[in-house]
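Notes follow the structure.
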Amino acid sequence: MSAVLLHSIGDDVYPLIEVKEISKRFGGIQALNNVSMTIEKGDTLALVGENGAGKSTLAKIIAGVQGYDSGELLLEGRRVSFRDTNEAIDSGIGIVLQEFNLVPDLSIAENLYLSDCARGTTKTLLNRKDMRKRALELYSQIGWDLPVDPDILVSNLSVAEQQILEILKGIAYEARLLILDEPTAALSPREVDKLFQLVRRLQKNHGTTVVFVTHKIEEIFELSNRIVVLRDGEKTNDFVTAETTPDELIASMVGREIGDLFSIRKRREPGEILLQAQNVNNGPRCRGCDITVRRGEIVGLSGLVGAGRTEFARAIFGADKLKEGAVSTGSRSQIFRSPRKAIQQGIGMLPENRKSHGLIVNMSIQDNLLLAHYALGSGMILAKREGDRIVRKRVDDLRIRIGEVSDPVDSLSGGNQQKVVFAKWLTLDPDILILDEPTRGIDIGAKYEIYTLIDQLVQEGKGIILISSELPEILALSDRILVMNSGTIVKELDWSEADEEKIIRYASSASTNEVENS
Amino acid sequence: MKETMYGSPNLIQKWKEKGNKLLSYTSQVEIVMTIAFILLCLVLTILTPRFLTIRNFRNLFWQATFLGIIAIGQTLVILTGGIDLSVGSNAAVAAMFGGIVMQQFGVIPGVVAMLLLGTLVGVIKGFLVAYARLAAFIVTLGFLSIGRSATYLLTDGRSLVGLPEAYRFFGNAEIGSVPLYLIVFIVLFGMAYFMLKQTKVGLYIYAIGSNEEAAHLSGVRVRFYTALTYAITGFLCAVSGLILTSRLGAVDPDTGINIELNAIAAVVIGGTSLAGGKGGLLGTLIGIAIITVLNNGLNLLGVSPFWQGAAVGVVIIFSVLLDSIIRQLKST
Amino acid sequence: MKETMYGSPNLIQKWKEKGNKLLSYTSQVEIVMTIAFILLCLVLTILTPRFLTIRNFRNLFWQATFLGIIAIGQTLVILTGGIDLSVGSNAAVAAMFGGIVMQQFGVIPGVVAMLLLGTLVGVIKGFLVAYARLAAFIVTLGFLSIGRSATYLLTDGRSLVGLPEAYRFFGNAEIGSVPLYLIVFIVLFGMAYFMLKQTKVGLYIYAIGSNEEAAHLSGVRVRFYTALTYAITGFLCAVSGLILTSRLGAVDPDTGINIELNAIAAVVIGGTSLAGGKGGLLGTLIGIAIITVLNNGLNLLGVSPFWQGAAVGVVIIFSVLLDSIIRQLKST
Amino acid sequence: AGEQEATGDSEGITIAYVTPALHVPFWKNVSDGIKQEAEKLGQKVTIIDSDSELNAATQLQNVQDLIQRGVDGIIISPTDSASCPPVLELAKADGIPVVISDIGTDSGEYVSFIISDNFEGAYQAGEYLARIMKKKGWENGDVAQIAISQARQNGRDRTAGFEKAMTEAGINVVNLLQCNQYTRGESFNFTQDLMAAHENLHGLFTQHDEANLGALSALENTGDYKNIAHVGFDGSPETVEAIKSGDRIAAASMQQPVLMGRESFKAMWKYLNGETPEERVLVPTILVTRENVLDVEDQLADNVFPAELEAQK
Ligand SMILES: Nc1ncnc2c1ncn2[C@@H]1O[C@H](COP(=O)(O)OP(=O)(O)OP(=O)(O)O)[C@@H](O)[C@H]1O
Ligand SMILES: Nc1ncnc2c1ncn2[C@@H]1O[C@H](COP(=O)(O)OP(=O)(O)OP(=O)(O)O)[C@@H](O)[C@H]1O
Ligand SMILES: [Mg+2]
Ligand SMILES: [Mg+2]
């Protein structure tokens, strides 16, 4: 099946990809049900829908990562059935998966090289100099300067840096069809911009066709020319972007009208100080940071990828060994030696990496939800009935959509998983919640619910530290915004004076003075 | 009668539900291993009429006890993602030390000393693994040597004989006609099973083995509970050593020699993953049953010693192969 | 002279770079273990003048060879996240089979048969682990028994004697005054090191151990390369058995008995993680060195065998403790 | 037994005893015999124990180290007769004399070879068992064995000697189970299994002392000692007490490890003093039976298990 042969059939007669009535079932879940769609050459197609709608499954089937039960997949009019990714890559289809597939104990350069190996373009002997050079080339091709050293092990990269590396791997294939599954979920606006520039460049220079999955409405309208909407495994709509509106799109995704995402917050005068952290040092990415949180207040923490927001949050929470600094809650001032101590003082943290830090994926929904409640409570016997009651109450309150409470938590959609993490902390009724990227990878409907939930929590008098790479989210929810830049807090802005442009300027400039003088 | 049973859709429904409930308590591996175990028993019953006798079952219960009690602890350790290679020497050093105390101060102080020392050794291992964060494999490999050395040094390598007559109680007493050791095993197994399924500790153990970091961030005292599993194992090793030496009436310094791999095999055959977080005690029970019945059967059959190793190896591999084949059949 | 050396900033710069380069090739564990090793050697040198002699070093090289060659393979297997408990019996069955062939058909066919059978056993293990997807622990535990049984059955449990005189060459020949076995070890180690660091295969091995799924999705033939590590280990076991039996002039059916844990310990002491993906051959080299020197030193000192076990255990735990302490000091 | 010494260079003489496994009581007793004889000299003779851990490769390594340490002589109980020649070669290269104590060697030069007769001892035990079974009218009963490793010459000798006696008496041998751990617990289980497997079992031969005692416990436990005649190989004070009791183990062929140790040292000492020791010393086994147990007790106390008696005091 050489490319030459494919082309000889006639470029223009057939669409690049035609999906014909494809169905796919996982156990009891019908992930895709008779889905048909076409991808024309040169398209930038946005694949959208709620969590669990089947977007990733469809993307994986097209790229040969996953098989399907029935239906047909046509590549330029010819029936194909890829047995694995290699065959798809040979046919010019590359994919960046939603779940990272990096090798943590290998370096950046080695990870990139590994995907080159798949195409058989490499020799048996390794040439480390070439590997490094190629890595740097790929990075510079998109104008991302992160990270600088291709020898860094992937296990040392932040989520965003890993996402960038995944995208580079996809680009390295020089595929005709590039599928990007939620590439922007972990990126901050600057990186998203660069990614979009890159996509446009690829289209212009190489005629690359792009399919991308995202939950961010503005991105859909910025980049795509067509939109395919999935709901509960079925295709509900196929829009030409220019002919639709965000409201119409959202309604088609969610199946109902939702209110304005960014006018949920009802601000009011904050109360007394709940938490004060001073001069917190936690390695080079967090140096001398201060923060104060009051009752009924959301403090937003903004910054670019790798600015150190997560490090700061982990330091406050006692997740990393603190070298310096003091955290006071109420009267006491101390350094938390473990998360347990912080939790006992009424702090909860929703970590940025849901799968590896927030949840224990192979345990049940109920056990995950109750874990902190049990760990901090007294007694040893599992009070099954009480536990059951708590779980049901939280599931109802937060409207978590589940089958059985004893199902493994990874059977849930991303949004519902995140709600389980929220619910876990709410069982302890903490005064302060640190939310690190609480809406990463979450669909618009769920986002609405989470925003509502966050607002409700501050109305109840909790204090919240909100870390987010989505500027609209920070701007819409925060009372005050702290901007971090290379490990220090460079600016505090009140919500009334903050806007996207200001935040980006402080977050990306080399020094604060530069911003003030300009 | 028959008609009513089959005729009633309610009853069928009920049975189905019961079946599903049973299934949800046990995982697939455990079911497959039970099938493998039943197959093994069937083959042995066909090959020798001597297998299925009350007398032989009494033998089997005894033979399963020593490894069985130890494997309970090993299961907990492996569920946290750890491993304990030193169970045999932990049992030996506890029994020997307790025996010496017993000769001096009597049975009760001796037994107490035995259980205390066994637990203490477990606590030290647990501390080194959980608090000093050393690799469990290395720590327990070290203790495998150290414990055996200590045992030899206590009596200059000889068996300890001349233990008080009253000590024989633990290994030989019967309640009704049920041997005490069997009751002890069942009680310990039941307690551990209860702990794992019905208490927070069990939840923590699974959580630690599945995702230590997430458990830590949720406020679980990861280090404490990790160490606890080693301490429990140390205690169980001492109980095991106690029962064995009580029954034999002497403490052999080689007690439990070379059992480390068997103790792990029992757990792993039962479907518990060496990576931690997956599996449980029911599987271990079946693992123990398979290993015990296999050795007993080969002895009953009088298989040549040179062939026995091959038979054991083949059955072990075959039983996990069965699981793998069934899983692959199901997935296609 | 001295002045110029220290005076030149260029030179200092150069040395620093060299140092950094060295550091980048070795990880911290390896450095700490080297320090532990040097400490051990120092203590022994002080305690007995017999330690630091050329003759003793010849002994040490010999003593390191058997376990050393096997540990190379074990390192590869562990790096993929596997384990091989059957290295000892793999060596024995290959040597015994080769020896029998040798008696019939001469030295060369015998050696070929030895290496082929060793590799074949490795291939079968690799197949069961990588293709049939059985737990490596169980498969190799099974083979530990099966291999030993097969060895006993081949000669009805007897040692194989009366091997051709020419066979003694492999274990006794010297080139210059360097023993052949040392050269073989260095060459094999060098090849494995090169493979791991400078070829795709090495990259694949790390990738498989670190994230099998990601490796698979990148197009790495995961099953093939996983199986390959077992095949290589089988081959290396045969080489090890060849050298040992050639030197001993007979094939003992108990060749390599009970070495399974030592072979793993050498790898783990050297900082390779049992979870796979992390570590390497330099660490294993140091692990082998520590184990060998420790046993040799205790013998030279005439320490009672009952104390030796304790000493070995303590040194093993202490050497990893050192690593942990240094890491904690660094992090504060 | 803290026989540490910094170097072998002092004017005293150092002799190494290379044993297959020091924690096996038999070898421990050989070691004690060697030490007894050495102490008798009142001179400064140091004995170093070296444990081969039942492994030929370890044995060779230990011998290398011992030669390196500068010992004056080696007494060795090889792990296996095939594993001895390379040891002998190494020693010869350095002119170090070797006395072989038990097991034997396939080839090579040595000073003296002290051996006890495994075949004969097992044969005698078998004969005695046959006699008892005849007396009780069990000659149609089956006998079974709990054996030491049949991968060793002494194991095969014990099995062969015993089976020869059984063949002569026309008694049926049904089953042989081989020990892996050499612990009492193991033989306890083996005995249970043998009784479960053979309804007509009336005789049992156990080939080492932990097996004697393990089988004894198991038979006592079920009361089956009344239906099963039991003879053993090797022994300890516990075994002797059981024989004395009259209804437990009927007899045991006991090697005389302490005597073997003494003879080994004597041979070595002779050689070191320029004399020529006998090339082969055959140390007989003693068949201890219910009848003769009171007569041979002193001999046992001296030559078989003095240290055990010491430890029990
Ligand atoms: N490997 C799998 N095993 C079982 N169920 C699966 C598997 N992969 C997906 N599913 C289920 O199939 C459905 C569709 O999943 P998919 O990942 O395609 O959703 P998605 O639209 O990509 O959602 P998200 O926006 O959260 O990424 C979900 O209900 C999911 O739980
Ligand atoms: N748990 C961790 N282990 C190791 N390194 C970490 C860990 N968390 C963060 N880092 C390192 O700290 C750096 C800073 O990342 P951090 O997550 O604090 O930045 P951030 O501002 O929160 O950015 P992001 O948008 O990536 O979350 C990362 O590049 C990563 O290398
Ligand atoms: Mg998805
Ligand atoms: Mg972050």
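Between the alpha-carbon centres of region A:260-326 and region A:189-247 there is a gap of 34 Å. Considering region C:220-324, its Cα convex hull presents a mean projected area of 8.8 nm².
Here the gap between A:D410 and A:L261, fully extended at 0.36 nm per residue and compared with their Cα-Cα distance, gives a gain of 51.0 nm. Modelled spin labels at C:L39 and A:N34, positioned 7 Å past Cα toward Cβ, are 7.3 nm from each other. Normalised by residue number, the volume inside the convex hull of the Cα atoms of region D:175-308 is 126 Å³ per residue. Longer than 20 Å from Cα to Cα, which of A:K129/C:K200; A:K169/C:K278; A:K424/A:K447 are they? Say none if no pair is. Long pairs (Cα-Cα over 20 Å): A:K169/C:K278. Of the two radii for region D:143-204, the radius of gyration is 0.97 times the Kirkwood radius, both from the alpha carbons; that is the Rg over Rh value. Taking GluC sites (Glu not before Pro) in DSSP loop conformation with at most 15 other Cβ atoms inside 10 Å as exposed sites, chain A has its longest uninterrupted site-free stretch at A:273-403.
Computed with the Debye formula from one identical point scatterer per Cα of region B:59-329, without solvent, the log10 of I(q)/I(0) at q = 0.07, 0.12, 0.17 Å⁻¹ comes to -0.25, -0.74, -1.36.
Separation of region B:144-180 from region A:82-112 is 59 Å, based on Cα centroids. On full extension, the segment bounded by A:R332 and A:R399 gains 20.5 nm, given 0.36 nm per residue less the C-alpha separation. Just B:G241, B:G287, B:G249 to compare: in a GNM of chain B, with alpha carbon springs under 10 Å, which one fluctuates most? With Cα springs under 10 Å in chain B, the top fluctuation among B:G241, B:G287, B:G249 is at B:G249. The residues A:D479, A:D290, when put in order of fewest to most other Cβ atoms within 10 Å, stand as A:D290, A:D479.
For the Cα atoms of chain B, what angle does the longest principal axis make with the long axis of helix B:200-210, in degrees from 0 to 90, nearest 10? Roughly 80 degrees between the two axes. Per the Debye calculation on chain D with a single equal scatterer at every Cα and no solvent contribution, log₁₀ I(q)/I(0) for q = 0.07 Å⁻¹ amounts to -0.29. Distances between placed amide hydrogens fall under 5 Å for D:T46 paired with D:I13, D:T14, D:I15, all partners being 5 or more residues away or on another chain. So in the protein assembly as shown, what percent of DSSP beta bridges are antiparallel if you round to the nearest 5? About 40 percent, rounded to the nearest 5. Pairs from the table (A:K393/A:K491; A:K204/A:K502; A:K323/A:K384; D:K92/D:K270; A:K204/C:K197) lying more than 29 angstrom apart at Cα are A:K393/A:K491; A:K204/A:K502; A:K323/A:K384; A:K204/C:K197. Which residues in region A:54-90 have a backbone N closer than 19 Å to a point placed 7 Å from the Cα of A:T244 along the Cα-to-Cβ line? Counting only backbone N, you get A:54-59. Over the protein assembly as shown, the reciprocal of the mean inverse Cα-Cα separation, the Kirkwood hydrodynamic radius, stands at 35.8 Å. In the elastic network of chain D, a GNM with C-alpha springs shorter than 10 Å, the most mobile of D:M254, D:M268, D:M195 is D:M195.
Residues B:F169, D:F190 in ascending order of nearby Cβ atoms (within 10 Å, fewest first): B:F169, D:F190. Compared with the dominant Cα axis of chain D, that is its longest principal axis, helix D:25-40 is turned about 40°. Helix C:9-25 and the longest principal axis of the Cα set of chain C meet at an angle near 30°. Annotation: the antiparallel percentage among DSSP beta bridges lying fully within region A:4-254 is about 55. Phi-derived couplings, Karplus 6.51 cos²θ - 1.76 cosθ + 1.60 at θ = phi - 60°, listed residue by residue for region C:320-329: 7, 5, 3, 4, 5, 4, 4, 5, 6, 4 Hz, with x used for Gly and Pro. Only beta bridges with both residues in region D:186-313 are counted; by DSSP, about 35 percent of them are antiparallel. Result for chain B in a Gaussian network model with C-alpha springs under 10 Å: among B:A150, B:A289, B:A135, the largest mean-square fluctuation is at B:A135.
Distance from the Cα centroid of region C:65-140 to that of region C:209-249 is 9 Å (rounded to whole angstrom).
The modelled label-to-label distance for the pair A:E501/D:N180, using points 7 Å beyond Cα in the direction of Cβ, is 7.9 nm. Close amide-amide hydrogen proximity is noted between D:I114 and D:I100, D:S101, D:D102, D:V281, each under 5 Å apart and 5 or more residues distant or on a separate chain (H modeled in the peptide plane; Pro and chain starts excluded). Shielding by partners for peptide B:269-280, expressed as the average number of C-beta atoms from other protein chains within 10 Å of each residue's C-beta, is 2.
Every read-out reported here was derived from the displayed coordinates using simple, explicitly stated rules and does not represent laboratory data. Just so it is clear, the model here is predicted, and its values are computed rather than measured. Heads up, the Cβs are rebuilt from the backbone with ideal geometry, glycines too, and the neighbour counts pull from every protein chain shown.
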